[in-house]
1. Just report the Cα centroid separation between the stretch 146-218 and the stretch 284-304, whole Å.
2. For Ile391, which sequence-distant residues (separation of 5 or more, or a different chain) have an amide H within less than 5 Å of its own amide H, given hydrogens modelled in the peptide plane?
3. Tell me the mean residue ellipticity at 222 nm calculated for the chain from its helices only (DSSP H runs of n ≥ 4, each -39500 (n - 2.57), averaged over every residue, nearest 500).
4. List the residues whose amide H sits under 5 Å from the amide H of Leu57, counting only those 5 or more places along or on another chain, with H placed 1.01 Å from N in the peptide plane.
5. Quickly rank 365-372, 27-34, 479-486, 568-575 as a protection proxy: mean count of other C-beta atoms within 10 Å, highest first.
6. Which value, in debye to the nearest 20, describes the size of the charge dipole of the chain about its Cα centre when Lys and Arg Cβ atoms bear +1, Asp and Glu Cβ atoms bear -1, and nothing else is charged?
7. When the chain is fully extended, how far beyond the present Cα-Cα distance does Lys482 get from Gln573, taking 0.36 nm per residue of separation?
8. Nearest 5 percent is fine: what portion of the DSSP beta bridges confined to the stretch 294-371 is antiparallel?
Amino acid sequence: MSSPLEKWVEETERLTKPERVVWCDGSEQEHERLVAQSLADGTFLPLNPKTYPDCYLHRSDPSDVARTEQVTFICTSSQADAGPTNNWLSPAEARQRIGPLLQGAMKGRTMFVIPYLMGPAASPASKVGVEITDSPYVVTSMRVMTRMGQVAMERLGKSDDFVPGLHSLGDLNPKRRFIAHFPEEKLIWSVGSGYGGNALLGKKCFALRIASYMARNQGWMAEHMLILGLEDPSGQVTYMAAAFPSACGKTNLAMMVSALEKSGYRVWTVGDDIAWMRVGADGYLHAINPEAGFFGVAPGTNKNTNPNVIAALRKHSIFTNVGITPENEPWWEGIGDGPPAGTRNWRGEAATKDNGPVAHPNSRYTVPARQASSISPHWEDAEGVPISAFIFGGRRARLAPLVYESRDWQHGVFVGATMASETTAAATGAVGITRRDPMAMLPFCGYNMAEYFGHWLKMGRTIAHPPRVFHVNWFRRGADGKFLWPGYGENVRVLKWMLERVAGRGGAVETPIGFVPAPNALTLEGLRIEKQTVEELLRVDAADWTEEMAGTKKFFEKFGSQLPGELWSEHQQLEQRLSRSTAPRK
Ligand code: SAT
Ligand code: MN
């Protein structure tokens, strides 16, 4: 008798009609075979084997360089279950529209079956996915980003407890591109794109969209969050999880080389993008990183902004849509020097001043997490790491101070729900537009976001020791348009304040929006920054915030009566605090 997995593979073979079927085991020999093929057919270009051993450059189709949210669908039986922020198709209509695109889509191609495990091999919280794809780039990338092959097959056995994901490049025509999720069946269909979050189905499709739906039903959390540990001079490590939208610096924060290392503060990386969290026996929320690699934004990455990743990506890494130097080394804007004469851009043309950026703004590196020297010794712990703080953040040129702490869990959920950020190149569409992105989950929540907020509120009632909730903004600009805060390794100063708040020590002043560091509560030694700049960074402008409330209100109204009353109540209370603070003093 064939297993549920074998049945699905046979069914898919009949649908897509590949020339051959290859079951991937994740072995070294298989990797070498695949790389040799990918080099032969141009999927990969070799990088310098001396300075970048086992590293490759992949150029995607120029029309296929980022996630495409407008063709990403949540396919639930009822539209209300997808909610007002997701694109929706009924499961029947999705099958009708996408089925024909998959019909015979793998003719003449190899169909790869990739069993993979999301989460550490030892963790009971880990889950099995199986991706079927006709893209060898996807196979090689999944081997970095997940625990692929044998380990997943062992976990699965003959059971049907896996998330099937069917991916085909199709003809790469954006008009025939669909990324569809069927959360009721835990199924994913993706066709017409070979890019990152559209094609590596373990990442956003499974670990966020499908997993968030499962988590709501099962009482846990799947979040778009990095996980880091901050070690203090006594050697104690406090774990924090932070949600920022795509391309807002999660990887850099998670891998930071601390500016306070000499005083004993050091950052350990557990994850850079996704956190799966459950309440542990100790009453703390415990987080695992379901992934095994980092899929980070290349431009702007250099030995100052992220020295750990620069060192890590010198072997076994894949580069997508970056430039290439005559020495066959990867090159991108902000890498440091250059570009050297003879560099070719991400499309393979000679890089000149007039043909745009050398690396695509959303070009990426894919690197095994274990290669980072900052990787936490606990990153694969079966029980995950206990989370003491949540950090929300985004890009806001104005408004949000460098850091503030919410008043309590419910207010923290409000802070997350009202997050907004300027858009980046990680998704197609205009860049730099401020949009609401609650908990950085707007593109990744697999169900109605009103219910998602409700789930957060409910979780708060089940966690005996809930994380404290903070909000940060590294991107505030001064009147001259320049960033006020240096960011990167200096961000540890803000994390240190959070650690002190968690320990019940850090000094804070109350403002209408929450608590900001008291004067002198931020450790600024060794940083050249004017007192006025710090004041400006921490300033809460009641008039600006009152204006912001109108935007928040409009956003909340989208959800109609489904929005939890607690959030309206928080909205009202904030309005009152703001009006009290702007009222003339008696
Ligand atoms: O393309 S991905 O979705 O994997 C990266 C991102 O946008 O966060
Ligand atoms: Mn992400």
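The values are calculated or read from the model by the stated rules, or taken from the named source; none is laboratory data. Just so it is clear, the model here is predicted, and its values are computed rather than measured. Cβ sites come from the backbone with ideal geometry, for glycine too, and all protein chains shown count toward neighbours. Side chains are part of the model used for accessible areas, which takes the heavy atoms of the whole protein and leaves out ligands, DNA and RNA. Shrake-Rupley method; radii C 1.70, N 1.55, O 1.52, S 1.80 Å.
1. Cα centroid of the stretch 146-218 versus Cα centroid of the stretch 284-304: 20 Å apart.
2. Residues meeting the criterion, in which the H sits 1.01 Å from N, are Ala241, Ala242, Ala243, Phe470.
3. It lands at -8000 deg cm²/dmol.
4. Leu45, Leu47, Phe319
5. 365-372, 568-575, 27-34, 479-486
6. Dipole of the chain, to the nearest 20 debye: 820 debye.
7. Between Lys482 and Gln573, full extension yields 29.4 nm more.
8. Roughly 100 percent of the DSSP beta bridges within the stretch 294-371 come out antiparallel.
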